[in-house]
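This report concerns only the one structure given below.
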Amino acid sequence: MVALCNDYRMKALPLLLTLSLFMVAPLPAFEPPTQGQLPRAEARYTPRPPVIDGKWSRDEWSAATPIPFPSDAAHPNPKLTDGGEVRVLWNEAGVYIAFRAIDQTPIQGGTPNGDPLYQEDVFEIFIDQSADHLQWYEIQIDMAGRTYIKNHVVTTPLRLTPEGRLTQEYVLSELWRYAIPQPESSQVASVRDPHTGQWTVELFLPASFVHRRAGGGPMTPCTWRVNFARHDWTQPIASADRKPRFLYWAPVLPGHPHLSPTLMGYLKLKKS
Ligand SMILES: [Ca+2]
């Protein structure tokens, strides 16, 4: 019971677990992708930093390759890929990340300041800047532009379940995770257009934060392990029949992107 309570993501899954117990045909088990199946993307260099104001400008992000969230047939969206998309640019100062998606069910305002934000509509970024699974950031951003950031550090070689997540025993003894303040000089902006339903997040993360293990700034070309996640909720926190919709760029056991460092995709920061 202690293990379950400490794994805070598990709190988001009771409905799924309950349903799976009573369905005639059980849900298929999650099978982690092989190394060759992990998604890959590139982040391009930009000499002209985007303005971090939550407004999607074609000129600002057109040079960046779209990184789509996986399709979700239950939520067809003719304007964007079903789950939305992420774009990444970088220069010597740091990285610039944009996220946009259509969300016609905005769920926000029920999470106290300072708490994790994943129980309401949230965009999340996971960054393993040295691609060695020794340390990774988890950055949560809600519709109001609030951030909640955790640092994850491990102390021994990983021990994984067949689904590719850290074992609970390992999480309790060897994973050190703690909330950290939003890095100085970072910028975050979040805007949802009530007419179109488009939710846009823009952020800047300084080299001192995302390139720290390589000595900080200036940023240089490198390859990160990353994942992007979106929780699309349709009911407020107080509702008993909440139905979470988890979307991940790199597939992981639902609810466990923060505990699946080996399943993160690859993001190559290219200069040319
Ligand atoms: Ca929603």
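The numbers here are math on the coordinates, done by the rules we state, and not lab data. Everything quoted here is computed from the prediction, not taken from an experiment. Positions of Cβ are backbone-derived with ideal geometry, glycine not excepted, and every protein chain shown enters the neighbour counts.
Ordered by the count of other Cβ atoms within 10 Å of each Cβ, fewest first, ASP132, ASP241 give ASP241, ASP132.
The residues PHE228, PHE30, PHE204, when put in order of fewest to most other Cβ atoms within 10 Å, stand as PHE30, PHE204, PHE228. Report Rg/Rh for segment 40-270, rounded to two decimals, where Rg is the Cα radius of gyration and Rh the Kirkwood radius. Radius of gyration relative to Kirkwood radius: 0.94. Hey, how many Å between the Cα centroid of segment 187-235 and the Cα centroid of segment 133-159? Computed from Cα coordinates, the inter-centre distance equals 12 Å. Each helix, a run of at least 4 DSSP H residues, gives -39500 (n - 2.57); summed and divided by the residues of the chain, these come to -2500 deg cm²/dmol at 222 nm. Comparing GLY114, GLY36, GLY83 in a Gaussian network model of the chain, where Cα atoms under 10 Å apart are tied by springs, the biggest mean-square fluctuation is seen for GLY36. At full extension, THR196 and ARG159 could sit 8.9 nm farther apart than now, given 0.36 nm per residue minus the alpha carbon distance. Beta bridges from DSSP with both residues in segment 40-270: antiparallel share about 90 percent, rounded to the nearest 5.
Here is the list for segment 182-272: trypsin sites (Lys or Arg not before Pro) lying in DSSP coil, each with at most 12 other C-beta atoms within 10 angstrom of its C-beta, are LYS271.
Counted by neighbouring Cβ atoms within 10 Å, the residues VAL191, VAL122, VAL226 run from fewest to most as VAL191, VAL122, VAL226. Once the Cβ-Cβ distance of GLU42 and ASP241 is raised to the sixth power relative to R0 = 35 Å, the FRET efficiency obtained is 0.30. Lysine pair count for the chain (Cα-Cα distance under 24 Å; residues 8 or more apart in sequence or on different chains): 5.
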